[in-house]
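The values are calculated or read from the model by the stated rules, or taken from the named source; none is laboratory data. Remember, it's a predicted structure, so these values are computed and weren't measured experimentally. Positions of Cβ are backbone-derived with ideal geometry, glycine not excepted, and every protein chain shown enters the neighbour counts. Keep in mind that these areas ignore ligands, DNA and RNA; they rest on the heavy atoms of the full protein, side chains included. Shrake-Rupley method; radii C 1.70, N 1.55, O 1.52, S 1.80 Å.
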Protein chains: 2
Amino acid sequence: MKIAVDAMGGDYAPREIIKGVEKALDSFDIEIILVGNKEQLDKYVREKDGLTIVHAKDVITNNEPPVAAIRKKKDSSMAVGIEMLKRDEVDAFLSAGNTGALMAGSLFNIGRIKGIDRPALAPILPTLNGATILLDAGSNTDCKPINLFQFAIMGSVYAQKMLNVDNPKIGLFNIGAEEEKGNELTKQVYDLIKNSHLNFIGNVEGRDIAYGVADVVTCDGFVGNAILKSMEGTASVISSLLKQELQKNIFTKLGAMLIYGALKNIVKKMDYTEYGGAPLLGIKKPVIKAHGSSKEKAIFNAIRQAKTIVEMDVISHIQREIELIGDDISAAK
Amino acid sequence: MKIAVDAMGGDYAPREIIKGVEKALDSFDIEIILVGNKEQLDKYVREKDGLTIVHAKDVITNNEPPVAAIRKKKDSSMAVGIEMLKRDEVDAFLSAGNTGALMAGSLFNIGRIKGIDRPALAPILPTLNGATILLDAGSNTDCKPINLFQFAIMGSVYAQKMLNVDNPKIGLFNIGAEEEKGNELTKQVYDLIKNSHLNFIGNVEGRDIAYGVADVVTCDGFVGNAILKSMEGTASVISSLLKQELQKNIFTKLGAMLIYGALKNIVKKMDYTEYGGAPLLGIKKPVIKAHGSSKEKAIFNAIRQAKTIVEMDVISHIQREIELIGDDISAAK
């Protein structure tokens, strides 16, 4: 299996990307093609079995307008990586760079799975006793009901393969538990999912997500991003407060040593980087977005995730599922 | 000053409501009218200076459709409390009951401040080093740009009075920092706020809210509720994990004792009940919604908050602000 990795995307590129790649090569039986500015990469990269560098002179930054950037910068690491995946030179492409550009580039050059109107960004969130797939997490704003229905279908297949759940529990994100709650969008989506073959558990509220009541939660991308980032921000602030408080005096410092293992367990449990990145579900080939702040471990886990997505043939399974229920989707439009 | 309190609303009514009321009477120079089923209340209420009971035989539960419930149940504690405020028999009304019914009843019977199209639920969120007002937090879904602009104006006045900030920093909730990011709604709101006299700091992302980058964050109620509940859920899950982990063995238990004060500080800092409830900003008189899970302390703090809103004359200040910039608002429509 060959995975192309964007060496230049993300806050800690290229150093941490390379570290993650090297660790993945040590752990898995795969080949990795690092795409990026060869001159810069040569400073850090050691020769290694299974590792190839493909030169790309440009970089797309996070501040560039995504669509314009991916169209203009044909020689960027991201555009070159997408092109390699398009030509089947690799089995998957991974980038921690500009999310919008990655989505736009994948859409233009690789295309959508037939029957999917808008692909979704689908991260896995850590929960109290497991994990939940949230989609869309930010790629699609102003969604239509059919989009959320399709997200739910793709999420269900992805949860079967990635979370190893037989009949994933599908929740519709809403601001109340009752069927009639919500906005115009959720009221319409509710019936679509309820009348489908999916294992629909109804509305899921913000408070319930972290408790892991559903395997998959579907929502508009604006809302999904709000949820994801609010959860991240809260966890991060609590962790900052804890660090501050535990440094206050000799007793708290001693206490901190005694509970070090306990805190480490919690951090590990709530750490999104444990699950890798977020695939762009609905794109015809495996494209994975790693978090912009990914370091070695997150990149390593995202590569493992890309490998699983290829091995499990997630995309063919989504394709088959969409074909099976094509009539449901047409009827819903 | 007289404050009416719904004795029957919320998960811990009437016992915890009464406890909070008693504590408030011991602490502040106010009168409180407890509205509820007299027979039930007599079991718990001791005679006390400043405390009166007004009988209301019905209760509106959280599971009832809000509009129908408030229309039908004229003898409910909530409807009676709203009626008392309407007739100026009290200066403010507080309830931990059905949010939708409270908003509908307040709208129908008390009405909106002139120039405000949709009142907003405006809780104060604890942040890393202070607090942020988030509005709307769930009363208004499918908002128009003018609604979010009005929320921002009301939030600014409220922050001046409640958070004691001279020129509150106003943020627009969005899923990216750049001006062109977001959905159809935010793109239009951005210019409205930017061109106003408000101290606009631009887009604020989910991750930034908990860090307290803005004094006021304006958003659609569906999104606001998603943010609020996701933050609550995350904090609650982390706290559960911490409790679990600290009970694991003799060392963690000892450690837990040593850091007890530190943990208490964090809990206090992140505790939304410290700030009381959320006023329905835009209603012509002070109506305050306390969290459904309010216990003694939350009710006590919500009463203190009601008192401050009355003393600071928040509503007249909002009225004046809206009159001053009436032309801006008309132009924006």
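In summary, B:Val216 fulfils each of the numbered conditions (1) at pLDDT below 95; (2) more than 14 Å from chain A (Cβ to nearest Cβ) with the single exception of condition (1).
Taking the stated definitions as given, is B:Val216 aliphatic (A, V, I, L, M) and within 22 Å of the chain's Cα centre (by Cα)? Yes; evaluated as a whole, the condition is true for this residue.
Within region B:77-88, residues that are under 13 Å from B:Lys289 (Cβ atoms) have Cβ atoms under 7 Å from residues that are assigned to a helix (DSSP H, G or I) in these pairs: B:Met78/B:Ile70; B:Met78/B:Ala101; B:Met78/B:Leu102; B:Met78/B:Gly105; B:Ile82/B:Gly105; B:Ile82/B:Ser106; B:Ile82/B:Asn109, counting only partners at least 6 apart in sequence or on another chain. When each of B:Leu241, B:Leu185 is tested for being hydrophobic (A, V, I, L, M, F, W, C), surrounded by 18 or more Cβ atoms within 10 Å (Cβ to Cβ) and in contact with an Asp or Glu (Cβ under 9 Å, 6 or more places away or on another chain), the lone residue that passes is B:Leu185.
Can we say A:Asp29 is within 17 Å of A:Val310 (Cα to Cα), more than 20 Å from the chain's Cα centre (by Cα) and surrounded by fewer than 18 Cβ atoms within 10 Å (Cβ to Cβ)? Yes: the conditions hold for A:Asp29.
Looking at the structure I just gave you, is A:Ile266 touching a helix residue (DSSP H, G or I) at 6+ places or on another chain (Cβ under 9 Å), at pLDDT 90 or above and within 10 Å of chain B (Cβ to nearest Cβ)? Criteria not met by A:Ile266.
Filtering region A:269-278 to residues that are facing chain B (nearest Cβ under 7 Å) and over 20 Å from B:Lys248 (Cβ atoms) leaves nothing. With respect to (1) open to solvent by 40 Å² or more (accessible area, probe 1.4 Å); (2) within 30 Å of B:Asp191 (Cβ to Cβ); (3) free of Cβ contacts under 8 Å to residues at least 40 places away in the same chain, the lone exception for B:Gln247 is condition (2).
I need the full set of residues from region B:244-263 which are of a type in the set (D, E, K, R) and at the interface with chain A (Cβ under 7 Å from one of its Cβ atoms), in order please. I'd like the intermediate steps shown before the answer.
In the first step, residues of region B:244-263 are kept if they are of a type in the set (D, E, K, R); the result is B:245, B:248, B:253.
Across region B:244-263, the qualifying residues are B:Glu245, B:Lys248.
Got at least one residue in region B:50-60 being surrounded by fewer than 17 Cβ atoms within 10 Å (Cβ to Cβ), in contact (Cβ under 8 Å) with a residue 12 or more places away in the chain, touching a Leu at 6+ places or on another chain (Cβ under 8 Å) and not in a strand (DSSP E or B)? Within region B:50-60 (the criterion being surrounded by fewer than 17 Cβ atoms within 10 Å (Cβ to Cβ), in contact (Cβ under 8 Å) with a residue 12 or more places away in the chain, touching a Leu at 6+ places or on another chain (Cβ under 8 Å) and not in a strand (DSSP E or B)), the answer is yes, since at least one residue qualifies. Scanning region B:252-268 for residues that are in a helix (DSSP H, G or I) and open to solvent by less than 50 Å² (accessible area, probe 1.4 Å), we see that the one that is nearest to A:Thr252 (Cα to Cα) is B:Leu258. Restricting the first member to region A:62-74 and to residues that are not assigned by the TED database to the domain that holds A:Gly97, and the second to residues that are open to solvent by 40 Å² or more (accessible area, probe 1.4 Å), no beta-carbon pair is closer than 9 Å while six or more apart or on different chains. When the residues of region B:195-207 are filtered to those that are open to solvent by 30 Å² or more (accessible area, probe 1.4 Å) and modelled with pLDDT of 95 or more, the one that is farthest from the other protein chains (Cβ to nearest Cβ) is B:Asn199.
Can you pull out the residues in region A:1-26 that are under 15 Å from A:Ala96 (Cα atoms), open to solvent by 10 Å² or more (accessible area, probe 1.4 Å) and of a type in the set (D, E, K, R)? Explain how you work it out, then say what you get.
At the first step, the residues of region A:1-26 found to be under 15 Å from A:Ala96 (Cα atoms) are A:3-21.
Filter once more, so that each one left must be open to solvent by 10 Å² or more (accessible area, probe 1.4 Å): A:8, A:10-16, A:19.
Scanning region A:1-26 gives A:Asp11, A:Arg15, A:Glu16, A:Lys19.
Cβ separations smaller than 6 Å between residues 6+ apart or across chains give the following pairs from region A:159-185 residues that are in a helix (DSSP H, G or I) to residues that are open to solvent by 50 Å² or more (accessible area, probe 1.4 Å) and among the hydrophobic types (A, V, I, L, M, F, W, C): A:Lys161/A:Met312.
Go through the residues of region A:222-243 one by one and say whether even a single one is more than 30 Å from B:Ile259 (Cα to Cα), β-branched (Val, Ile, Thr) and either at the interface with chain B (Cβ under 8 Å from one of its Cβ atoms) or outside any helix (DSSP H, G or I) (or both). Checking region A:222-243: at least one residue is more than 30 Å from B:Ile259 (Cα to Cα), β-branched (Val, Ile, Thr) and either at the interface with chain B (Cβ under 8 Å from one of its Cβ atoms) or outside any helix (DSSP H, G or I) (or both). Of the helices (runs of 4 or more DSSP H) contained entirely in region B:274-333, those carrying at least 2 residues that are more than 22 Å from B:Leu107 (Cα to Cα) and either open to solvent by less than 40 Å² (accessible area, probe 1.4 Å) or assigned by the TED database to the domain that holds B:Gly81 (or both) fall at B:296-311.
Every residue, every condition in (1) closer than 13 Å to B:Leu280 by Cα; (2) crowded, with 18+ Cβ neighbours inside 10 Å, yes or no:
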{"position": "B:Lys74", "(1), (2)": "no, no"}
{"position": "B:Glu83", "(1), (2)": "no, yes"}
{"position": "B:Ala92", "(1), (2)": "yes, yes"}
{"position": "B:Ile110", "(1), (2)": "yes, yes"}
{"position": "B:Leu121", "(1), (2)": "yes, yes"}
{"position": "B:Ser139", "(1), (2)": "yes, yes"}
{"position": "B:Asn147", "(1), (2)": "no, yes"}
